[in-house]
1. Sort out which residues of the stretch 231-248 are more than 10 Å from the ligand (Cβ to nearest atom), surrounded by 19 or more Cβ atoms within 10 Å (Cβ to Cβ) and assigned to a loop (DSSP other than H, G, I, E, B), and write them in order of number.
2. Mind checking which residues of the stretch 189-230 are closer than 15 Å to residue 177 by Cβ, open to solvent by less than 40 Å² (accessible area, probe 1.4 Å) and in a helix (DSSP H, G or I)?
3. Failed condition for residue 7, given (1) out of contact with any Asp or Glu (no Cβ under 8 Å at 6 or more places or on another chain); (2) of a type in the set (A, V, I, L, M, F, W, C); (3) surrounded by 15 or more Cβ atoms within 10 Å (Cβ to Cβ), with all others met?
4. I'd like the full set of residues that are buried (at least 20 other Cβ atoms within 10 Å of the Cβ) and outside any strand (DSSP E or B), limited to the stretch 21-46.
5. Those residues that are within 13 Å of the ligand (Cβ to nearest atom), part of a helix (DSSP H, G or I) and either among the hydroxyl-bearing types (Ser, Thr, Tyr) or open to solvent by 20 Å² or more (accessible area, probe 1.4 Å) (or both), I need them from the stretch 129-172; list them, please.
6. Take the stretch 79-93 and flag every residue that is among the β-branched types (Val, Ile, Thr), in a loop (DSSP other than H, G, I, E, B) and either open to solvent by 50 Å² or more (accessible area, probe 1.4 Å) or in contact (Cβ under 8 Å) with a residue 40 or more places away in the chain (or both).
7. For residue 175, are the conditions met, namely being assigned to a loop (DSSP other than H, G, I, E, B), within 13 Å of the ligand (Cβ to nearest atom) and closer than 20 Å to residue 60 by Cβ?
8. Scan 111, 77 and give me the residue that is within 26 Å of residue 205 (Cα to Cα), out of contact with any Pro (no Cβ under 6 Å at 6 or more places or on another chain) and of a type in the set (Asp, Glu).
Amino acid sequence: MARKFFVGGNWKMNGNTALIKSLVAETLNTAKLDETVEVVIAPPAVYLEKTRATANKNIGVAAQNVYYKKSGAYTGEISPEILKDVNVDWVILGHSERREYFKESNEFVGEKTAFALENGLKVIPCVGEKLEHREAGKTMDIIFAQLKAIADNVKDWTNIVIAYEPVWAIGTGKVATPQQAQEVHEQIRKWLADNVSAEVAENTRIIYGGSVNASNAGELSKEKDIDGFLVGGASLKPDFVNIINARL
Ligand code: G3P
């Protein structure tokens, strides 16, 4: 099975109703987008419903987080059921900003990933090392521990897209070189083959995130284990279209 190229736009804590109009209604909906690319955008939670109602049907919508209970007294949280009720199919989990600022552990991310999948969402779990880990030669130890916590909980990998986001490349303008990214993606795929199955390794999309823009997306996309991107800052601009179309 060929892995469909995937481009996600993570708006983080940015955007407003004006951006939904200018970027979604007037730009993404009207642009000619590469049909071989799966596009998913992730606005802040309060804008999910409006984004879903505005975006063309071929554009997916993702939440930036979800909790691992069906419903109940969990003030401030959102369940998979609530997301599905407003027709949101995807969720990003374990982004490094959530791991760093909200102290999300590997185990918590693994449990939330499994719960979201079991409750009908497609999940983009994020993994990635900090600069200090890379400099200490611990990049893959960190990533394998993050992957293991996911694999310990998840039974069916069909609806997972793994995002590799080196923390040192996020929002810094310091993009990983295509070789640096490819090297990690290849090792993630090998880890999946060794620890989950050859089939999961072959079929799971592994996307890169960290200072992706329209100028570097083309080169990165040529690497054989890079199946797409998770874009932050540049996903808030019309240039997002050029990232989606980088392989044309
Ligand atoms: O999830 C996307 C991300 O963390 C990358 O952000 O702004 O470096 O593209 P940015």
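The values are calculated or read from the model by the stated rules, or taken from the named source; none is laboratory data. Quick caveat, the model's predicted, so the values are computed rather than measured. Virtual Cβ from ideal backbone geometry, glycine too; neighbours counted across all protein chains shown. In case anyone asks, the SASA skips ligands and DNA or RNA and just uses the protein heavy atoms, side chains included. Shrake-Rupley method; radii C 1.70, N 1.55, O 1.52, S 1.80 Å.
1. 246, the sole residue that qualifies.
2. Matches in the stretch 189-230: 217, 218, 220, 221.
3. Of (1) out of contact with any Asp or Glu (no Cβ under 8 Å at 6 or more places or on another chain); (2) of a type in the set (A, V, I, L, M, F, W, C); (3) surrounded by 15 or more Cβ atoms within 10 Å (Cβ to Cβ), only one is false for residue 7: (1).
4. 23, 24, 28, 43
5. Once the filter is applied, which keeps residues that are within 13 Å of the ligand (Cβ to nearest atom), part of a helix (DSSP H, G or I) and either among the hydroxyl-bearing types (Ser, Thr, Tyr) or open to solvent by 20 Å² or more (accessible area, probe 1.4 Å) (or both), the stretch 129-172 yields 167, 168.
6. The answer is 88, and nothing else.
7. No.
8. The unique qualifying residue is 111.
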